[in-house]
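The numbers here are math on the coordinates, done by the rules we state, and not lab data. Because the structure is predicted, anything quoted here is derived from the model rather than measured. Neighbour counts run over all protein chains shown; Cβ positions are idealised from the backbone, glycine included.
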Amino acid sequence: MKKTKDKIKTDWSFNEALEIYNIPFNDLVYQAQTIHRENFKNNKIQMSTLLSVKTGSCPEDCAYCPQSAHHNTDLEKEKLISIEKVKEAAISAKAAGSTRFCLGAAWRSPNDHDLNTVCEMIKEVSSLGLETCVTLGMLKDHQAKKLAKAGLDYYNHNIDTSEEYYSKIISTRTYEDRLNTLENVRKADIKVCCGGILGMGESVHDRIKMLITLANLPKQPESVPLNQLIKIPGTPLEKERDLDPIELIKTIALARILMPLSYVRLSAGRTEMSESTQALAFLAGANSIFQGDVLLTAKNPNREKDTKLLNKLGIVSEELALNHNA
Ligand code: SAM
Ligand code: DTB
Ligand code: SF4
């Protein structure tokens, strides 16, 4: 296991990655699956469950997001929920086979009072034997340290696309802001969950550049969520062109090859994907999913549907490593 550990490459050039992306499809998927098998257990995937703890009214203008106050979407807004509700949802997630519980809040950045409440939520979830992940927007140095002290395992903060395309999608913050938060998370010794969205009108070049940015971080993210855009009515991207499933699979395969030790999560958008596309995604090296019939606010395949698919493919959920906090 983990044969590749000592030779992780973090100086990928665009042309090197493009060359890999352009090899014949079967060769690309074969290479990705080979690297996958060198580093992970075959036919096992990691399951995470999401919970939105503060929903809607976000001041940011992310063009894809149903929770932005700038768009008129059909969304039930909710203030920060109680610790008790979080605990209940985490217990159900664990019973359904999830090993990680992820809390999401529609904030530009948390205030210190709310952050204290989230820290209490993290402690509750950890005490159930689940890994914890939160995504709360931008973090200052001291906020990341506070989360680390509460025992947080992962922080999710996506770069979403290439630096060049970023301003077409979001105007209320910069790529640099995003990278600064990732740096603060790393400095606090929290594991990084960072990925992006495919199908927002970006080019193949943008997707490759996004993957290079992730792969060339001083330390590659432990978890890389790749979301297919969910086209939410009322958002500026509601009529965006469908993502070609072959391009999705090629991007997943490239992510696996550039980041051999990272968990690559087939994240949002599985409701709109066929079983065959999802099967190919796992073949190309995706080894994590969100389970549960809602993501934060949007639909996700229900448990019955996922169980049926995973059974057909002979894929099982990865058991929680006993020393997950080590
Ligand atoms: N506000 C925090 C932030 O932006 O970092 C946390 C919550 S935000 C909803 C988390 C991630 O969800 C975004 O970075 C984006 O990648 C993803 N996301 C949001 N809306 C989406 C959509 N319609 N389709 C696919 N992914 C989406
Ligand atoms: C990630 O990359 N995808 C998840 C998680 N990180 C927080 C969120 C997907 C959100 C999809 C839209 C919604 O449910 O509102
Ligand atoms: Fe707010 Fe996050 Fe949605 Fe952007 S993605 S609008 S920051 S909740």
Could you tell me whether any residue of region 198-214 is within 25 Å of Thr297 (Cα to Cα), touching a Lys or Arg at 6+ places or on another chain (Cβ under 7 Å) and within 15 Å of ligand 2 (Cβ to nearest atom)? yes
For region 238-257, does any single residue satisfy the condition of being away from ligand 2 (no atom under 12 Å from the Cβ), in contact (Cβ under 8 Å) with a residue 40 or more places away in the chain, among the hydroxyl-bearing types (Ser, Thr, Tyr) and on the phi < 0 side of the Ramachandran plot? yes
Yes/no for Val192 being within 12 Å of ligand 1 (Cβ to nearest atom) and either farther than 14 Å from Glu164 by Cα or part of a loop (DSSP other than H, G, I, E, B) (or both): no
Quick one: Gln143 ticks every box in (1) away from ligand 2 (no atom under 16 Å from the Cβ); (2) in contact (Cβ under 8 Å) with a residue 60 or more places away in the chain bar one, so which box is it? (2)
Take the residues in region 53-79 that are on the phi < 0 side of the Ramachandran plot and small (Gly, Ala, Ser), then tell me which one is nearest to ligand 3 (Cβ to nearest atom). Ser68
The condition of being in contact (Cβ under 8 Å) with a residue 24 or more places away in the chain, buried (at least 16 other Cβ atoms within 10 Å of the Cβ), away from ligand 3 (no atom under 16 Å from the Cβ) and farther than 30 Å from Val316 by Cβ holds, among Ser109, Ser162, Ser126, only for Ser162
From the list Glu304, Glu275, exactly one residue is in contact (Cβ under 8 Å) with a residue 12 or more places away in the chain and acidic (Asp, Glu). Which is it? Glu275
Does Asp114 satisfy being more than 30 Å from Gly314 (Cα to Cα), away from ligand 1 (no atom under 11 Å from the Cβ) and part of a loop (DSSP other than H, G, I, E, B)? no
Considering each residue of region 222-256, count those that are touching a helix residue (DSSP H, G or I) at 6+ places or on another chain (Cβ under 6 Å) and in a loop (DSSP other than H, G, I, E, B), and give that number. 0
